[in-house]
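In what follows, a structure is listed as structure tokens, so that the remarks can point back to it.
Read the figures in this text as sums done on the coordinates, not as results from a lab. Not measured: the values here are computed from a predicted model. Positions of Cβ are generated from backbone atoms using ideal geometry, with glycine treated the same way; all protein chains shown enter the neighbour counts.
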């Protein structure tokens, strides 16, 4: 389970968004790297982030990546976490995390 320091409220209130985003990226990348089934791990990650208050839906996915973001049709928060999970065979597995204000 992810540490509560990665909750929606933590992201919304932090003074150092870049640091918190990089820390979450590192934690998620380590999990993805060791995952036997990276696609299933992506879904577990999204489920855990939802439990921490993030509004996440699958925006786009393929056989080698997933993009999770807030529900643009029914927004619940003024800001969104966007998580991109990549597990292409020819590249190292990676995770990108961005916390952005809605427009």
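Counting only residues that are touching a residue at least 12 places away in the same chain (Cβ under 8 Å) and either in a strand (DSSP E or B) or out of contact with any helix residue (DSSP H, G or I) (no Cβ under 9 Å at 6 or more places or on another chain) (or both), which one in the stretch 62-72 is farthest from residue 41 (Cα to Cα)?
Selected residue: 71.
Has the stretch 19-33 got any residue that is surrounded by fewer than 17 Cβ atoms within 10 Å (Cβ to Cβ), outside any helix (DSSP H, G or I) and either touching a helix residue (DSSP H, G or I) at 6+ places or on another chain (Cβ under 9 Å) or without any contact (Cβ under 8 Å) to a residue 40 or more places away in the chain (or both)?
No, there is no match, as no residue in the stretch 19-33 is surrounded by fewer than 17 Cβ atoms within 10 Å (Cβ to Cβ), outside any helix (DSSP H, G or I) and either touching a helix residue (DSSP H, G or I) at 6+ places or on another chain (Cβ under 9 Å) or without any contact (Cβ under 8 Å) to a residue 40 or more places away in the chain (or both).
Within the stretch 73-103, track down each residue that is under 16 Å from the mean Cα position of the chain (by Cα) and assigned to a loop (DSSP other than H, G, I, E, B).
77, 87, 93
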